[in-house]
Amino acid sequence: MIFDPEPKGSRRDLFDRVEEIGKIKSLSSPITLVLGLRRTGKSSVIHVALNELSLPYTYIDLRKFAVDCGGGV
């Protein structure tokens with residue numbers, strides 16, 4: 001499959017995200033928000049960084065609660 005829509009969990013499945021993963025791994029804040037355009041790999045970067053840190057974490061995916069306001073382009 002050329003494109004898999006599921007978030008990745010391993011660095012080998014990502015392309016050119018070394019800097020972003022490093023930034024997330026270096027954060028000392030207990031709460032982190034990663035914001036950006038849809039379908040750009042935010043979830044994958046988070047998953048890879050958390051898997052590499054091997055620390056306990058809680059990941060909350062709020063997509064199921066998204067509300068369509070009807071104002072899209």
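Just so it is clear, none of the values below were taken in a lab; they were calculated from the coordinates. Keep in mind that what you see is a predicted model, and the values were worked out from it rather than measured.
The Cα atoms of the chain give a gyration tensor whose axes a ≥ b ≥ c have a/c of 1.5 or more with a/b no greater than b/c, which makes the shape oblate. For the chain, the mean residue ellipticity at 222 nm estimated from helices alone is -8500 deg cm²/dmol, where every DSSP H run of n ≥ 4 contributes -39500 (n - 2.57) and the total is divided by all residues, rounded to the nearest 500.
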